Amino acid sequence: MSLGYWEKSHFANSIAALGWNMGSSHQPTGSWLRLCLFNLEKALVPKEQRNENYTPRNRQLDALTFEQLKEALELVRSAG
């Protein structure tokens, strides 16, 4: 599966927020879960409604693959 920069950015942010939620000692952490869901929703915004140039591009994020995102999600899942 090939993801664009927009999707990569929002999926990566969603996975990170989920990890922060699961790793937080202050449970429940609704704020991290809301941030996770917000980024999931943003990742699914139709291309014609996106502003792809809202921020300078990050080379590391550009190089991120779908497989790496799946691995990161699996790490979060196994840590829980």
Answer residue from segment 1-51, given it is acidic (Asp, Glu) and either more than 9 Å from the chain's Cα centre (by Cα) or over 21 Å from Gln68 (Cβ atoms) (or both) and is surrounded by the most Cβ atoms within 10 Å (Cβ to Cβ) among those: Glu41
Any chance Arg77 is open to solvent by 70 Å² or more (accessible area, probe 1.4 Å), free of Cβ contacts under 8 Å to residues at least 12 places away in the same chain and of a type in the set (D, E, K, R): yes
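The values are calculated or read from the model by the stated rules, or taken from the named source; none is laboratory data. As the structure is a computational prediction, the values presented were derived from the model and not from experiment. Please note: Cβ atoms are built from the backbone with ideal geometry, for glycine as well, and neighbour counts cover all protein chains shown. Side chains are part of the model used for accessible areas, which takes the heavy atoms of the whole protein and leaves out ligands, DNA and RNA. Shrake-Rupley method; radii C 1.70, N 1.55, O 1.52, S 1.80 Å.
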